[in-house]
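Just so it is clear, none of the values below were taken in a lab; they were calculated from the coordinates. Quick caveat: nothing in here was measured; it's all calculated off a predicted structure. Reconstructed Cβ throughout: ideal geometry from the backbone, glycine too, with neighbour counts over all protein chains shown.
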Amino acid sequence: MTAPIPLIAGNWKMNGLAAALSEAKVVAAGAGESRARVALCPPATLIERMSAALAGSPVLVGGQDCHAEASGAFTGDISAEMLADAGARLVIVGHSERRAGHGEDDAAVAAKARAALRGGLEPIVCVGETLEERKAGKALTVVTGQVKGSLPPEMAGSAFAVAYEPVWAIGSGLTPSIAEIEEVHRAIRETLVAMFGDHGAAQPILYGGSVKPANAAEILAAAEVGGALVGGASLKAADFLGIVGAV
Ligand code: PGA
C-alpha cells in the first residue's frame, strides 16, 4: 500500500487582515517544489480574497470551522457550502479551541465533518488529549475515542485527514516526544483501518502543536506522521515554508 500524500496545513486562527495576503503569496511562490500538498486556512473573511490571490498556485485554501447545516437561521455561522463557494477546498473541524471554547463534542464534530463532505470540502478532523488526560495515562483512549466519535461513516470513500493535536502542545512551545507521537499516530491508524479498511490506511494523519522549522523534520519523519497542522508558525511565510521544505 502506498503511503498517504503528506499534507501541510496552516491554521491562521483569528489572525490576518488583507495585508497578510502578501504572506500567502510568498508561500504560494515557494511551495511548488514540495511533494506535500500545502494548504492555508485563513479567517473566513480572507478565504475569497486568498483563493483569488492564489489561483493557479499549488496552495489550497481552507476554512477553520463550518456549521452542520447548509443554510438557515444560524446567526454568525458559516456553512461548508459557503466556504466552498468562496473558494475553500478543505475545512478544519473539531479543533480543540472549538471543542473547548464552543462546547463542541464528538457528535457535533461528526456532524460538521459530514457537512464538509456534503459541501464538497475535505475535512481535517482534529483530536487530542489534555495534559491531565495524558498524565492519567488516558491519551490513547481519549484520542481513539475522539476518532471513533468524530468521523462519520460517510468518510468512507472520501478524502480526509485526521490531525493529532495534544491540547497542551498547542501554542505552548511544548511537544510530545517522537515516541509519544508515534504511539498515538499508530493507534489512530489502527482505528482508521478498523473503521474504513484500506481507505482508512490511505488518509494522512497530521501532527499539530508547536510545529516549527526547527522541529519539523524530526516530527515529519516519525512513523505514521503524514504532515502537520501548523498554527503560529504558519503566519510567517518563511517559517511555514521551512516546515513545508522539511517534508
Ligand atoms: P500551534 O497551533 O502550531 O501554534 O501550536 C497548532 C494548531 O492549533 O493547529
Practice item. Report the residue count in region 175-184 for those that are in contact with a Leu (Cβ under 9 Å, 6 or more places away or on another chain) and of a type in the set (A, V, I, L, M, F, W, C). Key: 1
Exercise for review: For region 126-145, state whether one or more residues are in contact (Cβ under 8 Å) with a residue 12 or more places away in the chain, within 16 Å of the chain's Cα centre (by Cα) and more than 20 Å from VAL230 (Cβ to Cβ).
Suggested key: no
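In region 1-15, which residues are among the aliphatic types (A, V, I, L, M) and either in contact with a Leu (Cβ under 7 Å, 6 or more places away or on another chain) or assigned to a loop (DSSP other than H, G, I, E, B) (or both)? Spell out the reasoning first.
Taking region 1-15 as the starting set, the residues that turn out to be among the aliphatic types (A, V, I, L, M) are 1, 3, 5, 7-9, 14.
Result: MET1, ALA3, ILE5, LEU7, ALA9, MET14.
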Point to revise | Which listed residue is touching a strand residue (DSSP E or B) at 6+ places or on another chain (Cβ under 7 Å) and of a type in the set (Ser, Thr, Tyr), from SER96, SER57 | key: SER96
Check your understanding: Is it the case that region 70-89 has a residue that's within 16 Å of the ligand (Cβ to nearest atom) and either among the aliphatic types (A, V, I, L, M) or more than 20 Å from the chain's Cα centre (by Cα) (or both)?
Key -> no
Check your understanding: So, in region 67-98, of the ones that are buried (at least 19 other Cβ atoms within 10 Å of the Cβ) and polar (S, T, N, Q), which residue ends up farthest from LEU229 (Cα to Cα)?
Key -> SER79
Point to revise | Near pairs, Cβ below 7 angstrom, 6+ apart or cross-chain, from region 160-178 (in contact (Cβ under 8 Å) with a residue 60 or more places away in the chain) to any residue that is buried (at least 22 other Cβ atoms within 10 Å of the Cβ) and of a type in the set (Lys, Arg) | key: none
Practice item. Output the residues belonging to region 55-66 that are under 17 Å from VAL230 (Cβ atoms) and of a type in the set (A, V, I, L, M, F, W, C). Key: VAL59, LEU60, VAL61
Practice item. Just name the residue that is surrounded by the fewest Cβ atoms within 10 Å (Cβ to Cβ) out of those in region 99-137 that are within 13 Å of the ligand (Cβ to nearest atom) and in a helix (DSSP H, G or I). Key: GLY101
Review point. Mind checking which residues of region 152-183 are part of a loop (DSSP other than H, G, I, E, B), among the hydrophobic types (A, V, I, L, M, F, W, C) and over 14 Å from PRO204 (Cβ atoms)?
Key: ALA156, ILE170, LEU174
Review point. Only one of (1) out of contact with any Leu (no Cβ under 8 Å at 6 or more places or on another chain); (2) surrounded by 22 or more Cβ atoms within 10 Å (Cβ to Cβ) is not met by ARG189, so which one is it?
Key: (2)
Check your understanding: Can you pull out the residues in region 227-240 that are more than 10 Å from the ligand (Cβ to nearest atom) and crowded, with 23+ Cβ neighbours inside 10 Å?
Key -> GLY227, PHE240
Check your understanding: When you go through PRO153, PRO204 one by one, which is the residue that is surrounded by fewer than 15 Cβ atoms within 10 Å (Cβ to Cβ) and closer than 18 Å to ILE124 by Cα?
Key -> PRO153
